[in-house]
Structure formats: structure tokens, C-alpha cells
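The values are calculated or read from the model by the stated rules, or taken from the named source; none is laboratory data. Quick caveat, the model's predicted, so the values are computed rather than measured. Here Cβ is always computed from backbone atoms with ideal geometry, including for glycine, and neighbour counts include all displayed protein chains. What goes into the accessible areas is simple: the full protein's heavy atoms, side chains included, and nothing from ligands, DNA or RNA. Shrake-Rupley method; radii C 1.70, N 1.55, O 1.52, S 1.80 Å.
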Amino acid sequence: MEVVVQMVFGLIALFILVAAAMVVSVRNVIHSALWLIACFFGVGALYLLLEAEFLAVVQVLVYVGAVSVLILFAIMLTRQISGEGVRQLTSRWPVVLVVTVLLFATVMTPTLINQQWNVPPAPPLGTPEPIAGPAELGRGFVNEFLIQFQVVGVLLTVALIGAIVIAFEERARRRKVLTLAEELELKRLRERTTQTETPEPVEAEPVARETRPASEG
Amino acid sequence: MLNAVPLPAVLTLAAALFCIGLFGALSRRNLIGVLMGVELMLNAVNVNLVAFWRYFEPRYITGQTFAIFIIAVAAAEAAVGLAMVIAVYRHYATVNADEVDQLRG
């Protein structure tokens, strides 16, 4: 039984770490986001193994369901970055690698070598262990953690409104609804003189779109 | 689980996940990659919290509650962060974090 649990834990840990490494190293950003979803699933499985079932469900709902969709949409809205040819790491990545490895070593050395954890002994096999489940969680949210619960609700509302305010442009400024790619073409057209790179060939369509709203206004 | 896998194993996994996320957040060129690194780091913190809850205080709900609050805050952070990425892209026509340097002195 213990060997099975150890093997499952090892597989989940390997899966999480490989997926996370792929997230930070893959060139295509969309592939990176898909590996991120895989990593979230792995963490959810780890929660299940740690017998936090409600958290596992929340992880799948919030991270796999909502956050990853947000990230995929942001990638699709900012299109030109997802090509494979683009370099994805900054030139200082070896320094960052050294720093993170050093941080890992600094954190793990005292944890593994001279820390006595004093974990309370698990009850013998067969006797059920008292574990707080979703029922206790729900009771806690309406009793002792009521204020925090409300504050998180307010925070989510504020974040929702703030995201809309930040991401949306005022209607008055754009007279015709353009996609982000078309807006970019317009911007490139206007800044062609100042741009150092060779501008991409521009189709005739955005030019017509640009002149028409100007005459209307 | 408690007898089979010792607590430091879980802590090592969480620390490794955190460091990978930190590497991504510091070294990715594009802003969405940075945000994905931050998400990895938040997940690592949650793994730590749940591990400590399970090994030390499984009969109380405090650890799980803390993890749920962190998930909620991470969702809010992701929404606002990605909205800012879109706004930056609209203004600068790039999502490269090194090119957005208008505040540089």
C-alpha cells in the first residue's frame, strides 16, 4: 500500500515538475499555456492525494477552467508573439538560473538537514482520521471566516471592474470597432517614419479604414 | 499518505515548483510568460500550505481556508494582470517586458 502511494506521489511530482519546466522553456507561448494547464492538473491531483478534495475541485474549476482560459485569450489577443522563431528568454537567463538554483539550495538545505518537524504520528491503519472536509469548510466560511469571505468577494468584484476598465478603450476614441491586429497596422502606418525595423507590407484595407473615421469626425 | 511520503518530500516539490516559477517570471521576455511564472509560484505556495495542513492540523480547516483565499486572490491578480497586458499591447504594440520602459530614468 505504501509503495503504491509513494509511486503515485513520485509520478505526480515528476509530472508537475516536467510540466512546469516546459512552461518556462518552450518557445511557443500557446504551448507554454497548455503545459501550464497540465501543471495545474498535476497540482490538483496532488491535492487529491493529500486528501483535500474540495481544494482539488476548486483548483480544477478556477485554475484549469478560468485562469487558463484568460491566459489563452490574452495570448490570442496579442497575437504576433506566439511564433516559434521568436526568442522567448531574456539574455540574462543564465544569471537568473544561477540565482534560482541558489535560492532552492538555500531553502532546502536547512529544511532537509537539521529541521526536526515533529509531525504528529498518523493513526494506525484502519482507524479513520478526523479530517476537515467541505462541510467543516462551509461552516467555517459562515462563522469564523465570515469577514474574510466577504472581503474576498469585494476584492473579486473590484478586480472584475478594474480589469474591464483597464482593458477597454473608450468608445469615443475609436469610431469604428477594429480588431487589435488592425489597430496595430494603423499604428505601424503612423509610426513608419520613426520605426527602425523594416515595416511589413500593409494591405490596402486598413488604410481605407483609417481615412474613413477621420473624415466622419 | 502520511506514513508513505514524508513531509520534506512534499516541501521539496513545492520549493522546486516555486523556483521554476521564479525562473520563468524573471527570465521570460513576454509579459504573459511572466504572469504564467507567477501563477506557478502561487501554486507552489498553495501546495506548501495544504501539505502543512495535512501533516499537522488535519482536523482544523484553517490551512484549506488560507489556500482557498490565495486561489481567489490569484484569480483576481490574473484578471487584472492580463487586462494590463492587453492595455500595454494596445499602447506600445509589444508585450516584451524589456521594451516597456517609459518610466526608465
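Being surrounded by fewer than 19 Cβ atoms within 10 Å (Cβ to Cβ) and of a type in the set (Asp, Glu): is that true of B:GLU57 here?
Working: surrounded by fewer than 19 Cβ atoms within 10 Å (Cβ to Cβ): yes; of a type in the set (Asp, Glu): yes.
Yes: the conditions hold for B:GLU57.
Can you confirm whether B:THR65 is of a type in the set (S, T, N, Q), part of a helix (DSSP H, G or I) and open to solvent by 10 Å² or more (accessible area, probe 1.4 Å)? Can you show your working first?
Values: of a type in the set (S, T, N, Q): yes; part of a helix (DSSP H, G or I): yes; open to solvent by 10 Å² or more (accessible area, probe 1.4 Å): no.
The answer is no for B:THR65.
Of all the residues that make up the stretch A:33-55, how many are within 15 Å of B:ALA14 (Cβ to Cβ) and either within 10 Å of chain B (Cβ to nearest Cβ) or not in a helix (DSSP H, G or I) (or both)? It would help to see each step written out before you state the result.
Within the stretch A:33-55, the subset within 15 Å of B:ALA14 (Cβ to Cβ) is A:39-40, A:42-47, A:49-50, A:52, A:55.
Okay, now just the ones that are also either within 10 Å of chain B (Cβ to nearest Cβ) or not in a helix (DSSP H, G or I) (or both), so A:39-40, A:42-44, A:46-47, A:49-50, A:52, A:55.
Total satisfying the criteria: 11.
Does B:ASN43 qualify as being at the interface with another protein chain (Cβ under 7 Å from one of its Cβ atoms) and surrounded by fewer than 21 Cβ atoms within 10 Å (Cβ to Cβ)? Walk me through how you get there before you give the answer.
On the way: at the interface with another protein chain (Cβ under 7 Å from one of its Cβ atoms): yes; surrounded by fewer than 21 Cβ atoms within 10 Å (Cβ to Cβ): no.
Judged against the criteria, B:ASN43 is not a match.
In the stretch A:56-77, which residues are within 28 Å of A:PHE168 (Cα to Cα) and more than 7 Å from chain B (Cβ to nearest Cβ)? Working first, answer last.
Filtering the stretch A:56-77 for residues within 28 Å of A:PHE168 (Cα to Cα) gives A:61-77.
Hits for the stretch A:56-77 are A:LEU61, A:TYR63, A:VAL64, A:GLY65, A:SER68, A:VAL69, A:LEU72, A:PHE73, A:MET76.
Residues of the stretch B:86-105 being crowded, with 20+ Cβ neighbours inside 10 Å and either modelled with pLDDT of 90 or more or assigned to a loop (DSSP other than H, G, I, E, B) (or both), which ones?
The one that is crowded, with 20+ Cβ neighbours inside 10 Å and either modelled with pLDDT of 90 or more or assigned to a loop (DSSP other than H, G, I, E, B) (or both): B:VAL95.
Is there a residue in the stretch B:17-38 that is more than 26 Å from A:PHE168 (Cβ to Cβ), in contact (Cβ under 8 Å) with a residue 24 or more places away in the chain and within 13 Å of the chain's Cα centre (by Cα)?
yes
Check A:ARG79 against each of (1) assigned by TED's automatic domain parsing to the domain that holds A:ALA38; (2) modelled with pLDDT of 85 or more and name the one condition it does not meet.
Among (1) assigned by TED's automatic domain parsing to the domain that holds A:ALA38; (2) modelled with pLDDT of 85 or more, A:ARG79 violates only (2).
Got a sec? Which of B:LEU13, B:LEU26, B:LEU22 is surrounded by 22 or more Cβ atoms within 10 Å (Cβ to Cβ) and at pLDDT 90 or above? Lay out the reasoning, then the answer.
Working: B:LEU26 fails: surrounded by 22 or more Cβ atoms within 10 Å (Cβ to Cβ); B:LEU22 fails: surrounded by 22 or more Cβ atoms within 10 Å (Cβ to Cβ).
That would be B:LEU13, the only listed residue that is surrounded by 22 or more Cβ atoms within 10 Å (Cβ to Cβ) and at pLDDT 90 or above.
Give the residue that is farthest from A:MET76 (Cα to Cα), with candidates limited to residues of the stretch A:18-32 that are more than 7 Å from chain B (Cβ to nearest Cβ) and among the β-branched types (Val, Ile, Thr). Give the steps one after another, and end with the answer.
Looking only at the stretch A:18-32, we keep the residues that are more than 7 Å from chain B (Cβ to nearest Cβ), and these are A:18-19, A:22, A:25-28, A:30-31.
Of the ones still in play, those that are also among the β-branched types (Val, Ile, Thr) are A:18, A:26, A:30.
Numbers: A:VAL18: 25, A:VAL26: 17, A:ILE30: 9 Å.
Across the stretch A:18-32, the extreme among qualifying residues is A:VAL18.
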